[in-house]
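The values are calculated or read from the model by the stated rules, or taken from the named source; none is laboratory data. What you see is a predicted model, and the numbers here were worked out from it, not measured in a lab. Cβ placement follows ideal geometry from the backbone for every residue including glycine, while neighbour counts extend to all protein chains displayed.
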Amino acid sequence: MELQNIQLWRWSGILLAAGGIIFWIGALTPPYKWWMTKDVKEYLTLIHDHRIAWYFIAATFVVGVILSVFGMQLFSLTLQRSGQGILPQVGFTAFAFGSIFWIMNLAFRATVTVWAANQLYETHHLEPSFETWMKWTNLLFAIYMVLAYFGIGCMGYSIYQLTILPVWLAWLCMIFGFGGSILYLCRLPFFDPPLMVHTPLIITGIYILLKIK
């Protein structure tokens, strides 16, 4: 394998693993109750009481997804150079386009949601429009999840055509990818958390770093 291609493989592995790990760090930052509560007032109260943690999580999510986008771009390029045609580019485009909606969702969380939390704390009154805006951002989140899963599935199918990477890795990405995009819409809880999107990316990135020499 040419040195230039080895560098592409390695950097794609570094970015995929680093982006996913940083994302997981944010997702595992306590308190965890704000991911599970369905009470909007409790949700906002938790954000007000743990504002620094909320900003930290938003920052790790942004950094994590941006690194993952760059990793997917390099990974797509390596797959195309290995003769995989246009499908890796489709996968990267879906993941990158979906990530725009995720960053928009995070921007809302870091601004409007914090403002609503402060308003609730100061006035004990929740703006009636806030829940409507939350539904809008939930739609942005859903678009990200479906596109990101689909992009990973496309990468998985491309891996399946290679001899450089193992078949089990291809199936992992296809199951999480194509399966995740469908099962998320079916509201299967396992595929709901966004950190699940990054699980196959972390595993792929680590495998590349360990095996591609």
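Being in a helix (DSSP H, G or I) and either at pLDDT below 95 or farther than 28 Å from L139 by Cα (or both) is the filter here, so list the residues in the stretch 162-188 that pass it.
As a first pass, look at the stretch 162-188 and keep what is in a helix (DSSP H, G or I): 167-185.
Once the filter is applied, which keeps residues that are in a helix (DSSP H, G or I) and either at pLDDT below 95 or farther than 28 Å from L139 by Cα (or both), the stretch 162-188 yields V167, W168, L169, A170, W171.
Inside the stretch 58-93, can you point out the residues that are hydrophobic (A, V, I, L, M, F, W, C), over 17 Å from I14 (Cβ atoms) and surrounded by 19 or more Cβ atoms within 10 Å (Cβ to Cβ)? Even if it seems obvious, please write down each step before you answer.
Applying the first criterion (hydrophobic (A, V, I, L, M, F, W, C)) to the stretch 58-93 yields 58-59, 61-63, 65-67, 69-70, 72, 74-75, 77, 79, 86-87, 90, 92.
If we keep only those that are over 17 Å from I14 (Cβ atoms) as well, we get 58-59, 61-62, 86-87, 90.
Those that are hydrophobic (A, V, I, L, M, F, W, C), over 17 Å from I14 (Cβ atoms) and surrounded by 19 or more Cβ atoms within 10 Å (Cβ to Cβ): A58, F61, V62.
From T111, T132, grab the single residue that is modelled with pLDDT under 95 and surrounded by fewer than 21 Cβ atoms within 10 Å (Cβ to Cβ). Working first, answer last.
Working: T111 fails: modelled with pLDDT under 95.
Every option except T132 fails the conditions.
Given the conditions (1) free of Cβ contacts under 8 Å to residues at least 12 places away in the same chain; (2) touching a Leu at 6+ places or on another chain (Cβ under 6 Å); (3) not basic (K, R), which single one is not true for Q80?
(2)
Going by what's in this entry, would L172 be described as touching a Gly at 6+ places or on another chain (Cβ under 9 Å) and not β-branched (V, I, T)? Before the answer, list the steps.
Values: touching a Gly at 6+ places or on another chain (Cβ under 9 Å): yes; not β-branched (V, I, T): yes.
Yes; evaluated as a whole, the condition is true for this residue.
Would you confirm whether any residue within the stretch 73-89 is of a type in the set (S, T, Y), modelled with pLDDT under 95 and under 30 Å from I208 (Cα atoms)?
The answer is yes; a qualifying residue exists.
Exactly one of (1) over 24 Å from P88 (Cβ atoms); (2) buried (at least 16 other Cβ atoms within 10 Å of the Cβ) is unmet by A142. Its number?
Of the numbered conditions (1) over 24 Å from P88 (Cβ atoms); (2) buried (at least 16 other Cβ atoms within 10 Å of the Cβ), the odd one out for A142 is (2).
Out of everything in the stretch 200-210 that is in contact (Cβ under 8 Å) with a residue 40 or more places away in the chain and surrounded by fewer than 18 Cβ atoms within 10 Å (Cβ to Cβ), what residue ends up being farthest from W35 (Cα to Cα)?
Quick first cut of the stretch 200-210, residues in contact (Cβ under 8 Å) with a residue 40 or more places away in the chain only: 200-202, 204-209.
When the remaining residues are screened for being surrounded by fewer than 18 Cβ atoms within 10 Å (Cβ to Cβ), the result is 206, 209.
Details: I206: 28, L209: 32 Å.
Across the stretch 200-210, the extreme among qualifying residues is L209.
Run down L188, L169 and say which single residue is over 15 Å from the mean Cα position of the chain (by Cα) and surrounded by 19 or more Cβ atoms within 10 Å (Cβ to Cβ).
The match here is L169.
Find all pairs meeting these conditions: Cβ atoms under 6 angstrom apart; at least six residues apart or on different chains; first residue within the stretch 39-63 and on the phi > 0 side of the Ramachandran plot; second residue surrounded by 14 or more Cβ atoms within 10 Å (Cβ to Cβ) and assigned to a helix (DSSP H, G or I).
Pairs found: none.
Every residue in the stretch 153-180 that is touching a Leu at 6+ places or on another chain (Cβ under 8 Å) and not aliphatic (A, V, I, L, M), please.
Those that are touching a Leu at 6+ places or on another chain (Cβ under 8 Å) and not aliphatic (A, V, I, L, M): C154, G156, Y157, S158.
Limited to the stretch 122-145, what total is found for residues that are more than 19 Å from the chain's Cα centre (by Cα), free of Cβ contacts under 8 Å to residues at least 60 places away in the same chain and in a helix (DSSP H, G or I)?
Qualifying residue count, the stretch 122-145: 7.
Quick one: is Y149 under 20 Å from G71 (Cβ atoms), surrounded by 14 or more Cβ atoms within 10 Å (Cβ to Cβ) and free of Cβ contacts under 8 Å to residues at least 24 places away in the same chain?
Numbers: under 20 Å from G71 (Cβ atoms): yes; surrounded by 14 or more Cβ atoms within 10 Å (Cβ to Cβ): yes; free of Cβ contacts under 8 Å to residues at least 24 places away in the same chain: no.
No: the conditions fail for Y149.
List the helices (runs of 4 or more DSSP H) that sit entirely inside the stretch 1-112 and contain at least 3 residues that are within 23 Å of L162 (Cβ to Cβ). Don't jump to the end; show me each part of the working.
On the way: elements: 3-27, 40-49, 51-81, 87-108.
By residue number, 3-27, 51-81, 87-108.
If Q119 meets every condition in (1) free of Cβ contacts under 8 Å to residues at least 60 places away in the same chain; (2) surrounded by 20 or more Cβ atoms within 10 Å (Cβ to Cβ) apart from one, which number is that one?
Every condition holds for Q119 apart from (2).
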